[in-house]
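The values are calculated or read from the model by the stated rules, or taken from the named source; none is laboratory data. If you're wondering where the values come from, they're calculated on a predicted model, not measured in any experiment. Ideal geometry is used to build each Cβ from the backbone, glycine not excepted, and the neighbour counts take in all protein chains shown. Calculation scope for accessible area: heavy atoms of the full protein, side chains included, ligands and nucleic acids excluded. Shrake-Rupley method; radii C 1.70, N 1.55, O 1.52, S 1.80 Å.
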Amino acid sequence: MICSMKHKFLLVCTLGILLFITPLSFFGSQAISPITTTQQESTSYSLSYTSHDPIVITCEQDFIDLGFSGAGINGDPYIIQNLEITNDSICINITDTRVYFEILDCVISAPSSSSAHGIFLDNVTHATIENCVVTSHENGIHITEAEGTILNNNTCSQNGNNGIHIYSSDNSIVTNNTAYQNGVDGIYGQYSGFTQYVNNTAEDSTKNGFTIRSGYGSEIINNTVVDNSDIGIECKQSDYCVIENNTVLNNKYGIDFHGNDYCEIKGNTLSGQSVRAFHIEMISNSLFSNNTVLHSGDHGINLWYSVDVVFMNNLFRWNGDHGIFINNSTNVVVNTTISEFNYDGIYIDDNSYFTLVYLNDFGFNTRYNGYDDGVDSSFHNGSHGNRWSDYSGGGTYTVNGTADSVDLYPSSYVESTPTVDSPADFSYEFDTTDHSIVWNPADDYPDSYKIYRNGSEVVSSDWYGDAISYDVDGLSASVYNFTIKVLNVFNNYVTDTVIVTVTDSTDPVIDSPEDIVYESGSTGNSVTWYVRDGNHDAYVAYHNGTVFESGDWNGLDITLDVDGFDLGVHNLTLFVNDTVGNSVVDTVFVTVEDTTAPVLDSPVDYQYNEGTTGHNITWSANETNPEEYIVYRNGSVLTSPSWDGSDIVVHIDGLSYGVYNYTIKAIDTSGNSATDTVFITVNDVTDPTVNSPSDITYAEGETGNTIVWSPNELHKDTYQILQNGTEVSSDTWDSVNIVYDIDGLSKGVYNFTLVVFDDSGNSASDSVIVVVTETTASTSTTSTTTTTTTTTSVPPPGVNPLTIVGAGAAVGIVALVAIIFLLNKKK
């Protein structure tokens with residue numbers, strides 16, 4: 001009821017929050033089946049995460065309320081996935097559930113070192129944690145009362161206590177995880193029976209790589225445990241457990257095995273421990289077999305207070321103190337074990353009872369091959385004894401020590417030289433597989449081997465007396481000398497050489513790229529050949545039969561740049577050969593075409609005054625393949641020279657007054673063309689000239705009186721004649737002289753003004769005063785004649801009489817307006 005009420009409250013809060021934030025999306029994941037002790041394939045981490053607040057789940061309804069997908073059942077678990085949670089508190093906290101759920105691909109961290117766990121599971125079932133990264137918390141992953149939990153492919157590092165902590169959680173499966181640089185242990189399991197720890201890596205922990213306590217029936221298999229400050233694998237109070245095929249390197253203690261009964265410790269490799277490889281105390285009915293123990297600072301195996309323990313087929317070599325040290329133990333069997341190059345081969349201390357030692361090799365140890373202070377030890381089984389490097393033959397072998405033990409059936413353990421067979425030389429076709437050399441060397445004291453290819457070392461490895469196989473696939477075509485050098489512990493060696501010939505009868509593989517067409521002047525044009533051959537050598541490319549490019553071929557695609565080719569069709573041929581002379585040829589035709597018209601700018605229309613100089617039209621053009629250009633003036637060809645693509649300049653000086661159409665047509669070698677037109681206007685800014693005939697006087701009634709003007713202008717247009725300011729004649733000006741008849745005037749003074757205009761509106765004028773006098777008559781009466789002289793103002797030269805008339809009219813209008821204004825004012 002409390003969970004239900006709480007979830008109603010949480011639901012309301014969540015809905016409120018969802019009004020303001022974008023909902024998070026969660027993606028489903030495939031459920032993980034329980035695994036056996038074989039290695040699971042690792043899954044890569046997600047590349048995209050969604051930031052999220054810490055998650056607290058205390059019952060199934062929380063999964064639903066928080067929006068996680070799934071139904072919580074087998075085959076459709078609830079999924080928490082692709083989240084990134086950074087917080088000092090527990091980032092994912094799930095308790096008291098019985099549903100199926102998975103935590104996948106999450107990144108868990110804290111801003112600084114946190115005292116809370118990263119992922120915490122308590123009292124849950126059917127849980128999976130996979131592909132998560134957890135750092136900077138107390139325990140990276142902490143599970144308690146979580147039976148059957150699967151932890152797979154997680155990385156837990158730099159946590160304050162343990163990377164992974166499993167407490168009271170039977171039948172858990174811990175596989176493919178990595179725990180490094182944690183503050184105490186890499187992986188810690190307590191009260192968690194029948195738990196599998198398989199294919200994990202525990203490295204650089206402040207204390208232990210693995211700690212297993214009270215882990216009844218647990219299996220610790222195929223793990224790598226390296227560079228931990230104290231113990232590589234600590235196993236205590238864990239009966240019926242198996243420790244198998246682990247690699248334990250460079251710790252203080254390799255495997256600490258304490259208080260365990262009915263266990264198997266087999267196939268492990270322990271090397272470089274600073275103190276001792278095995279520390280075994282208070283165990284019974286257990287088997288140590290096929291372990292290799294090398295280069296420990298102290299004992300290879302240190303056995304204390306134990307009963308019914310068997311050591312079989314182990315190798316102890318180069319340990320700083322005893323290879324095998326037995327103290328206060330009963331019914332210990334040492335059989336078919338090699339202990340050599342240690343300080344002591346085997347050392348049985350006092351208070352050790354009934355130790356049986358037979359069919360072992362003890363050789364070349366620094367102090368004693370064997371030493372016995374125990375009680376009732378036996379160095380033979382009634383028919384077989386041991387081999388001793390310090391036994392010279394001829395009788396029994398007395399073991400050093402106060403027990404006065406004697407090997408009744410000793411044999412010599414002497415320096416030897418390895419032997420090796422000589423496999424036949426062979427050849428194979430390049431790029432085929434499953435080719436190897438198998439040597440079968442033999443020696444009672446195997447140590448190491450080296451393999452050389454054409455004189456250069458390619459392999460250096462320990463040798464344990466088994467066959468040596470070397471894979472020779474993947475070689476390029478050639479002849480190879482493979483020599484093996486097999487050494488025993490005495491540094492004696494034997495060699496053998498096998499000649500391997502790799503043939504290549506296959507031409508390189510080449511595709512045939514499509515022929516290409518590109519526009520002249522464009523860039524980025526290339527031809528790429530896909531060419532493959534394992535014995536690549538060189539290539540030569542020909543352009544129309546001439547070497548275009550050549551070089552070493554690195555086995556990758558070959559790309560040739562074909563920019564800048566001339567117009568037309570080009571033959572591009574590639575020749576590729578391998579190191580043994582196989583070759584291949586392919587041809588690609590490259591067509592360069594020009595479908596683009598030249599690009600012309602468009603100069604602005606232009607005008608200049610007639611008679612001036614220095615005038616040009618300049619067209620800027622862009623064309624890769626220029627041919628010629630044609631310039632037209634008013635539709636007629638002005639010039640048509642060849643064209644090199646440079647700017648085109650046309651001189652336009654010397655034009656007479658008028659408007660001219662200059663059109664250019666630029667043509668490329670493919671016949672593409674572009675045109676542009678510029679209009680040139682030549683202005684006439686020069687007034688006409690006009691002579692000034694003399695004034696004329698004639699008597700009223702006389703005839704034959706004319707005024708003759710002789711104006712001058714290249715671009716005559718019209719003229720008009722004014723009599724006292726009034727036009728009396730106008731016409732087209734197209735003659736040299738303009739003659740005006742002035743007969744028939746009555747007595748008076750007249751102003752005759754000629755105004756001439758050219759095509760541009762320029763003008764000139766001249767006035768002639770004509771005086772008509774009264775005809776003189778004879779009478780008998782004497783009369784007084786009064787002559788009144790009327791002076792007519794003649795406009796100065798160059799002043800248009802019409803202008804004077806217009807000005808007078810304007811004055812009249814102004815006066816009229818003034819009169820009207822005054823009249824209105826008076827009113």
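Express in nm, to one decimal, how much length is gained between TYR49 and THR419 on full extension, taking 0.36 nm for each residue of separation and deducting their alpha carbon distance.
127.3 nm
Cα-based Rg (one decimal) and Dmax (whole number) for the stretch 104-252, in Å?
Answer for the stretch 104-252, Rg first and Dmax second: 13.5, 43 Å.
Using only the Cα atoms of the stretch 85-129, build the gyration tensor, take square roots of its eigenvalues as a ≥ b ≥ c, and label the shape rounded, prolate or oblate: rounded if a/c is under 1.5, else prolate if a/b is larger than b/c, else oblate.
Judged from the Cα gyration tensor, the stretch 85-129 comes out oblate (a/c at least 1.5, b/c at or above a/b).
Not counting ligands, DNA or RNA, and with a 1.4 Å probe, what is ARG98's accessible surface area in Å² rounded to the nearest 10?
140 Å²
For ASP404 and ASN285, what is the calculated FRET efficiency with R₀ set at 22 Å and r taken between the beta-carbons, to the nearest 0.05?
In this case the efficiency is close to 0.15.
Taking a virtual spin label 7 Å from the Cα of ARG453 along the C-beta vector, which residues in the stretch 414-434 bring their backbone nitrogen under 20 Å of it?
423-434
Please list LYS747, LYS485 in order of solvent-accessible area, largest first, computed with a 1.4 Å probe with all protein chains present.
Descending order: LYS747, LYS485.
Tell me, how many Å apart are the Cα centres for the stretch 63-94 and for the stretch 239-258?
If we compute the Cα centre of each part, the gap is 36 Å.
Please give the FRET efficiency for ASN571 paired with THR433, using the beta carbon to beta carbon distance and R0 = 56 Å, rounded to the nearest 0.05.
0.90
Roughly how much of LEU315 is accessible, in Å² to the nearest 10, using a 1.4 Å probe?
Accessible surface of LEU315 is approximately 20 Å².
A 27 angstrom limit on the alpha carbon distance is what I want to check against. Which of LYS207/LYS450; LYS207/LYS266; LYS207/LYS236 exceed it?
The answer is LYS207/LYS450.
Would you mind calculating the relative contact order of the chain from Cα pairs under 8 angstrom and at least 6 residues apart, reporting the percent as a whole number?
Relative contact order for the chain comes out at 4 percent.
Between beta-carbons, use under 14 Å as the cut-off and find the net charge around ASN245, counting Lys and Arg +1, Asp and Glu -1.
Summing Lys and Arg as +1 and Asp and Glu as -1 gives -2.
May I ask you to derive the relative contact order of the stretch 364-420, considering only C-alpha pairs under 8 Å and at least 6 residues apart, and to give it as an integer percent?
Across the stretch 364-420, relative contact order equals 38 percent.
Within the chain, what percent of beta bridges assigned by DSSP are antiparallel, to the nearest 5?
40 percent
Of THR718, SER411, ASN683, which is farthest along the charge dipole of the chain in the positive direction, counting Lys and Arg as +1 and Asp and Glu as -1 at C-beta?
Positive-end residue among those listed: THR718.
Find how much the distance from GLN158 to SER710 grows on full extension, using 0.36 nm per residue of separation minus their present alpha carbon separation; answer in nm with one decimal.
Contour length minus Cα-Cα distance gives 187.0 nm.
List the relative contact order of the stretch 421-507 as a percent without decimals, with contacts defined as Cα pairs under 8 Å and 6+ residues apart.
About 37 percent, as a whole number.
Suppose each label sits 7 Å from its Cα in the direction of the beta carbon; what would the TYR606-ASP350 distance come out to in nanometres?
Simple spin-label model gives 12.6 nm for this pair.
Solvent-accessible area of VAL184, probe 1.4 Å, all protein chains present, reported in Å² to the nearest ten, please.
My reading of the accessible area for VAL184 is about 40 Å².
Which distance in nm do the two modelled labels at ASN691 and ASN328 give, with both placed 7 Å along the Cα-to-Cβ direction?
For ASN691 paired with ASN328, the spin-label model returns 15.8 nm.
Going by alpha carbons, how many degrees (0 to 90, nearest 10) lie between the helix axis of 2-18 and the longest principal axis of the chain?
With both axes taken from Cα atoms, the answer is about 30 degrees.
Post the alpha-carbon centroid distance, the stretch 490-532 to the stretch 696-775, in whole angstrom.
What the calculation gives is 104 Å, centre to centre.
Students often get this wrong, so try it: which of (1) 46; (2) 61; (3) 72 is percent of Cα pairs over 37 Å apart as calculated from the structure shown?
(3)
Kindly express, to the nearest 10 degrees and within the range 0 to 90, the angle between helix 801-826's C-alpha long axis and the longest C-alpha principal axis of the chain.
Orientation of helix 801-826: about 90 degrees from the principal axis.
Modelled label-to-label distance, ASP557 and LYS747, 7 Å Cα→beta-carbon offset: nm?
11.6 nm
Give, as a single signed number, the net charge of other residues whose beta carbon lies under 13 Å from the beta carbon of VAL479, with Lys and Arg counted +1 and Asp and Glu -1.
Net charge in that neighbourhood comes out at -1.
Quick check for you: which residues of the stretch 529-550 have the amide N under 20 Å from the point 7 Å beyond the Cα of VAL585 toward its beta carbon?
Only 529-533, 537-550 fall inside the zone, counting backbone N under 20 Å.
Towards the positive end of the charge dipole of the chain, with charges on Cβ (+1 Lys, Arg; -1 Asp, Glu), say which of SER526, GLY70, ASN171 has the farthest Cα.
It is GLY70.
Any idea what the dipole of the chain comes to, in debye rounded to 20, about its Cα centre with Lys/Arg Cβ at +1 and Asp/Glu Cβ at -1?
Computed about the Cα centre, the dipole is about 3020 debye.
I'd like to check one number: the per residue accessible area of the chain, probe 1.4 Å, reported in Å² as a whole number.
Ligands and nucleic acids excluded, the result is 47 Å² per residue.
Between VAL375 and SER274, how high is the FRET efficiency from 1/(1 + (r/R0)^6) when r is the Cβ-Cβ distance and R₀ = 25 Å? Nearest 0.05.
Approximately 0.15, to the nearest 0.05.
Could you tally the net charge around GLY193, taking each other residue with its Cβ under 12 Å from the Cβ of GLY193, Lys/Arg +1 and Asp/Glu -1?
Taking every other residue near GLY193 into account, the sum is -3.
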